[in-house]
Amino acid sequence: QVQLVESGGGLVQPGGSLRLSCAASGSIFSIDAMGWYRQAPGKQRELVTTITTGGSTNYADSVKGRFTISRDNAKSTVYLQMNSLKPEDTAVYYCYCRMGWGVDYWGQGTQVTVSS
């Protein structure tokens, strides 16, 4: 079992930056991959980025070049550095992890609002 707790969301002006954190606890050594989804009001949930235990990453086209995912295995934490934020980045961001045996776990989400 894994518990995920997100933090770091908030209000930021366009062009600004935020850093989201996702702390994992429980069976952390069984995690194969972690990442972030987001969902804005009236829109479908979309996959933002993922990172595997081997360090391989991928990004949605809408955030490529602006967002960076990283992982600190010693702290069992994954981060999402978000730069050059745009109003269309406004959403609830959800951390997730995928276990080696094929089960996903999700955090409760953290709100990111980009507005002037």
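Here are the numbers for this structure:
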item: Choice from Gln81, Gln44, Gln13 with maximal GNM fluctuation in the chain (Cα, 10 Å cutoff); result: Gln44
item: For Ser21, net neighbour charge (Lys/Arg +1, Asp/Glu -1) across residues whose Cβ lies under 13 Å away; result: +1
item: Residue of Ala60, Ala33, Ala91 that the Gaussian network model of the chain assigns the largest fluctuation, springs spanning Cα pairs under 10 Å; result: Ala60
item: Residues listed by number, region 81-116, amide nitrogen under 17 Å from Arg19 label point at 7 Å toward C-beta; result: 81-85
item: Gaussian network model of the chain, Cα within-10 Å springs - most flexible of Asn83, Asn58, Asn73; result: Asn73
item: Under the Karplus curve 6.51 cos²θ - 1.76 cosθ + 1.60, θ = phi - 60°, whole-Hz ³J(HN,Hα) for region 19-28, x wherever Gly or Pro sits; result: 10, 8, 10, 9, 9, 9, 9, x, 7, 5
item: Relative frequency of Cα-Cα separations exceeding 16 Å in the chain, percent; result: 56 percent
item: Probe 1.4 Å - accessible area at Lys64, Å² to nearest ten; result: 120 Å²
item: Between region 23-75 and region 88-107, the alpha-carbon center distance in angstrom; result: 7 Å
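The values are calculated or read from the model by the stated rules, or taken from the named source; none is laboratory data. Remember, predicted model here, so these are calculated numbers, not experimental data. With ideal geometry, Cβ positions are generated from the backbone for all residues, glycine too; neighbour counts draw on all protein chains shown. For accessibility, only protein heavy atoms count, side chains too; no ligands or nucleic acids. Shrake-Rupley method; radii C 1.70, N 1.55, O 1.52, S 1.80 Å.
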